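Some notes on the structure that comes next.
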Ligand SMILES: Cc1cc2nc3c(=O)[nH]c(=O)nc-3n(C[C@H](O)[C@H](O)[C@H](O)COP(=O)(O)OP(=O)(O)OC[C@H]3O[C@@H](n4cnc5c(N)ncnc54)[C@H](O)[C@@H]3O)c2cc1C
């Protein structure tokens, strides 16, 4: 008996979608370790950049908020939610909303006539009528080409760094200018590493001014919960249907407004860290156990490690879990799947949530604050198409139709 909906990935989006589907009377199966990316792909000691209003994992009854988590645990979280607390919140949410998560990894999602076929890490298979791919940034870490030939241990991507203490007393170049780069630089510096941030943008920017009027209705009017992008643009980002309705050129201009920027509270933690802006490494080579970088102004650095805090770029060609035939058959835009209103791809029954949905629905999808929109839209779509299929079984959901 195939499962009606399989969700691959148990991060904030996968869990929220599962909770909404369950509330609609469906029994999705969720695969993956709960909050795994937050447990493995972010540095210990990190604080969330998102404000509290944008950090609740959406649940259908608004009963699993951070406030409720605090109330049940008899504590008050600091304004900047620490990573460990957010992970604990995610685990609490899962136990309450989606008690049964299958922690096996899915190694491949393929398609057999009118069903999807999920191959699991233990060689077993699960058939599903619909699949929601909620695998976050997996497979999409972006590594500048200048680092292509050096051993990965000398130049790891930031998502491979969890343990900051092992960098104490090392000389480290952090490449990048976003929150991830700047917070890593602060944590490394505080742990005793000698850090230089190297950023290709002309200046490193920090958010400012957002705390004026915080808590007042005026603030809520100017800054919606996601707080992504400057005032005005942030409302377009907050409303994924509006973002989707814009012409492609305008969508890209809006999305660029969520460029690399650090939280205001990071500035003070970086006063003793060297920041070199407007420069990028153009060549690298291993020198014994160290790494030599040549920057585009001809200057050189020799460091113990370079950490590539250079973000993620969704490109289905690099998706490690989708059968290449499915990837070839998907309608795409700049490497991302083209999605319809319910986050369904051009292959009927195959949905994408999280970062992969950002090209269609905007940058909100890359953050926890996007979990509510995604979960509601997918649930509505699946509930409506399940009702149709009860009248017209199978043909409407034939994933192999048009497979190339
Ligand atoms: C350093 C850093 C800091 C961030 N800070 C914030 C913040 O403060 N606020 C915020 O809103 N967002 C933040 N983000 C963005 C954050 O990644 C997203 O908000 C969030 O993870 C979106 O949830 P998701 O479920 O789409 O993705 P994820 O949380 O990445 O969940 C996807 C899950 O799928 C799992 N998975 C992947 N492939 C498979 C497979 N084949 N089988 C089974 N499971 C699989 C992964 O292990 C992962 O656990 C940050 C990102 C980074 C890198």
Candidates 172, 126, 107, 150, filtered to the one that is in contact (Cβ under 8 Å) with a residue 12 or more places away in the chain, within 11 Å of the ligand (Cβ to nearest atom) and either part of a strand (DSSP E or B) or not assigned by TED's automatic domain parsing to the domain that holds residue 349 (or both): 107
Filter the stretch 52-67 for residues that are within 29 Å of residue 262 (Cα to Cα) and without any contact (Cβ under 8 Å) to a residue 12 or more places away in the chain and give the result. 65, 67
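The rows are residues; the columns are (1) in the same structural domain as residue 346 (by TED's automatic domain parsing); (2) surrounded by 23 or more Cβ atoms within 10 Å (Cβ to Cβ); (3) touching a strand residue (DSSP E or B) at 6+ places or on another chain (Cβ under 6 Å).
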residue: 131; (1), (2), (3): yes, yes, yes
residue: 157; (1), (2), (3): no, no, yes
residue: 185; (1), (2), (3): no, yes, yes
residue: 201; (1), (2), (3): no, no, no
residue: 219; (1), (2), (3): no, no, no
residue: 226; (1), (2), (3): no, yes, no
residue: 229; (1), (2), (3): no, yes, no
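Each row is one residue, and each column tells you yes or no for (1) at pLDDT 95 or above; (2) crowded, with 19+ Cβ neighbours inside 10 Å.
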| position | (1), (2) |
| --- | --- |
| 214 | no, no |
| 232 | no, no |
| 240 | yes, yes |
| 286 | yes, no |
| 308 | yes, yes |
Does the stretch 18-25 include one or more residues that are in the same structural domain as residue 59 (by TED's automatic domain parsing), assigned to a loop (DSSP other than H, G, I, E, B) and either in contact (Cβ under 8 Å) with a residue 12 or more places away in the chain or more than 7 Å from the ligand (Cβ to nearest atom) (or both)? yes
Would you kindly identify the helices (runs of 4 or more DSSP H) lying entirely within the stretch 224-337 that contain at least 3 residues that are within 22 Å of residue 363 (Cα to Cα) and under 23 Å from the mean Cα position of the chain (by Cα)? 233-238, 240-245, 248-256
Among (1) surrounded by 18 or more Cβ atoms within 10 Å (Cβ to Cβ); (2) closer than 30 Å to residue 3 by Cβ; (3) under 17 Å from the mean Cα position of the chain (by Cα) - the single one residue 349 does not satisfy: (3)
Checking residue 351 against (1) over 19 Å from residue 141 (Cα atoms); (2) outside any strand (DSSP E or B), which single condition isn't satisfied? (2)
Scanning the stretch 46-78 residue by residue, those surrounded by fewer than 17 Cβ atoms within 10 Å (Cβ to Cβ) and in contact with a strand residue (DSSP E or B) (Cβ under 9 Å, 6 or more places away or on another chain) turn out to be 78
For residue 90, state whether it is crowded, with 17+ Cβ neighbours inside 10 Å, touching a residue at least 40 places away in the same chain (Cβ under 8 Å), under 17 Å from the mean Cα position of the chain (by Cα) and not assigned by TED's automatic domain parsing to the domain that holds residue 164. yes
Any residue in the stretch 30-51 that is over 12 Å from residue 263 (Cα atoms) and outside the structural domain of residue 81 (by TED's automatic domain parsing) sitting within a Cβ distance under 9 Å of a residue that is more than 6 Å from the ligand (Cβ to nearest atom) and in a helix (DSSP H, G or I)? List the pairs, counting only those 6 or more apart or interchain. none
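Within the stretch 1-17, take every residue that is within 11 Å of the ligand (Cβ to nearest atom) and either assigned to a strand (DSSP E or B) or in contact with a strand residue (DSSP E or B) (Cβ under 8 Å, 6 or more places away or on another chain) (or both) and give me the one that is farthest from residue 90 (Cα to Cα).
Restricting to residues being within 11 Å of the ligand (Cβ to nearest atom) and either assigned to a strand (DSSP E or B) or in contact with a strand residue (DSSP E or B) (Cβ under 8 Å, 6 or more places away or on another chain) (or both), the top hit is 6.
The values are calculated or read from the model by the stated rules, or taken from the named source; none is laboratory data. Since the model is a prediction, treat every value here as computed from it, not as a measurement. Using ideal geometry, Cβ is built from the backbone for each residue, glycine included, and neighbour counts are taken over all protein chains shown.
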